[in-house]
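What follows is one structure encoded as structure tokens, with my remarks underneath.
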Amino acid sequence: MTGARLTQGAAADEAAAPADGPTSGPTSGPAAGSDAWTAARTRAPRGPRRPGTNVPHRAVPWTTRLRRDRSLLLMTLPAIVLLVVFAYVPMLGNVIAWQDYSPYQGFVASPFVGWDNFVRVFDNPLFLDAVENTLAITLFQLVFYFPVPIFLALLLNSVVSPRVRTVIQSIVYLPHFFSWVLVVTIFQQIFGGAGLINQTLRNNGVDHAVTFMTNPDTFLVLITSQSIWKDAGWGIIIFLAALSTVPPEQYEAAVMDGANRWRRMWHVTLPALRPVIVLLLILRLGDALTVGFEQLILQRDAVGAQVSEVIDTYVYYQGVIYGDWSFAAAAGLVKGVVSLALVLGANKLAHVFGEAGVYQRA
């Protein structure tokens, strides 16, 4: 029965097909309908429509997004409150930088003196010395401290055994949780005048003690070593997380192309770390004028203010110890403006070299 239906369909197709031969005029009537039907049957099929093509984009109202994300917003609300109360509200106190502020009168009744406090800041040689020490410490740590986590992350990433890698990573990361009081105490017990090294030297007939902790000439090396021991583990975690996103196929392709370990690191690993390196470098430049207040104030008396005084410790002594609140506020405001300019400039430079930076380019 099926064969009979196919035979009837074929016969109908042959009857509907136009006869061969020349035509003398425009086709009309049943023949024209037959041509249209044949053309429709032989037309090439259309490809699938791409998703989203010709579909108008409809913006979601902010009320809808608010209802949709209300649970996430509620979870971030405590952090927002803390940020506003302890970060943004104190900014209102910067008004005392333009006043002759007295705690007994308050900032409402204290008289305004204009830019006099800022003139005093830039005319003060002690402040300029603090700026010089701050920049010297920042540049020294940028050269000798910043590359250390990158090198250690590359070294740990080459360890084959995941268990050994985890143990080493935990040991290196542990000092990050130590306070600066504990870190300075540990260094004092090892490198101090009565520390382990000097005690060993005395036991072996060396009477002259090595002044690691009180020598102004080696102070930069001392505080940089402390920073590396304490915080290098945090940088290692960040760089190892970035390395985990590199597809293994890229390393396999590099091996098949004959690349050795050095070329694989240079052409595969470091390009994967470049966005993270740029981001951390921008943040480090933003903190160029903020170098370890707790670390330095704990060791200020041991080496002297001439080499250890930085902007933060100088502002602390001028404002809290000596009670010159307006002068300290002006100095702190200058530091904040310069730090903001450094972040914006470094981020703009990152955009020039094709990196995302802290925020995306508009």
Report task. Kindly list the number of the only condition in (1) under 23 Å from the mean Cα position of the chain (by Cα); (2) exposed (fewer than 15 other Cβ atoms within 10 Å of the Cβ) that fails for N260. Result -> (1)
**Report entry** Which listed residue is among the hydrophobic types (A, V, I, L, M, F, W, C), more than 34 Å from the chain's Cα centre (by Cα) and either outside any helix (DSSP H, G or I) or surrounded by 15 or more Cβ atoms within 10 Å (Cβ to Cβ) (or both), from A209, A254
**Finding:** A209
Report summary line: Of V246, V320, the only residue that is surrounded by fewer than 16 Cβ atoms within 10 Å (Cβ to Cβ), part of a loop (DSSP other than H, G, I, E, B) and among the β-branched types (V, I, T) is V246
Report task. Answer yes or no: is there a residue in the range 296-305 that is acidic (D, E), more than 16 Å from A136 (Cα to Cα) and touching a residue at least 24 places away in the same chain (Cβ under 8 Å). Result -> no
**Report entry** Boolean, L283 is surrounded by 15 or more Cβ atoms within 10 Å (Cβ to Cβ), under 27 Å from the mean Cα position of the chain (by Cα) and closer than 25 Å to T224 by Cα
**Finding:** no
Query - R58 more than 30 Å from W262 (Cβ to Cβ), out of contact with any His (no Cβ under 9 Å at 6 or more places or on another chain), basic (K, R) and not in a helix (DSSP H, G or I) - result: yes
Report task. Quick one: D301 ticks every box in (1) loosely packed, with under 13 Cβ neighbours inside 10 Å; (2) under 30 Å from Y104 (Cα atoms) except a single one, so which number is it? Result -> (2)
Report summary line: The residue that is nearest to V315 (Cα to Cα), considering only those in the range 112-154 that are at pLDDT 90 or above and not in a helix (DSSP H, G or I), is N124
Query raised in the report: Limited to the range 263-280, what total is found for residues that are of a type in the set (K, R) and either surrounded by fewer than 16 Cβ atoms within 10 Å (Cβ to Cβ) or in contact with an Asp or Glu (Cβ under 8 Å, 6 or more places away or on another chain) (or both)?
Result: 2
**Report entry** Filtered residues of the range 125-144 (kept if of a type outside the set (S, T, N, Q) and more than 16 Å from A305 (Cβ to Cβ))
**Finding:** L135, L139, F140, L142, V143, F144
Query raised in the report: What are the residues in the range 66-111 that are surrounded by 11 or more Cβ atoms within 10 Å (Cβ to Cβ) and of a type in the set (F, W, Y), if any?
Result: W98, Y101, F107
Query raised in the report: Could you say whether any residue in the range 227-248 is within 30 Å of L333 (Cβ to Cβ), among the basic types (K, R) and in contact with a Pro (Cβ under 8 Å, 6 or more places away or on another chain)?
Result: yes
Query raised in the report: Quick check: is even one residue across the range 224-242 surrounded by fewer than 16 Cβ atoms within 10 Å (Cβ to Cβ), touching a residue at least 60 places away in the same chain (Cβ under 8 Å) and polar (S, T, N, Q)?
Result: no
Query raised in the report: What are the residues in the range 157-193 that are farther than 17 Å from K230 by Cβ and either under 21 Å from the mean Cα position of the chain (by Cα) or among the acidic types (D, E) (or both), if any?
Result: N157
Query raised in the report: Can you name the residue in the range 35-65 that is of a type in the set (S, T, Y) and at pLDDT 75 or above and is also surrounded by the fewest Cβ atoms within 10 Å (Cβ to Cβ) among such residues?
Result: T63
Query raised in the report: Hey, does the range 164-175 have a residue that's of a type in the set (G, A, S), part of a helix (DSSP H, G or I) and either touching a Pro at 6+ places or on another chain (Cβ under 8 Å) or surrounded by 15 or more Cβ atoms within 10 Å (Cβ to Cβ) (or both)?
Result: no
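The values are calculated or read from the model by the stated rules, or taken from the named source; none is laboratory data. Everything quoted here is computed from the prediction, not taken from an experiment. Backbone-built Cβ (ideal geometry, glycine too); neighbour counts: all protein chains shown.
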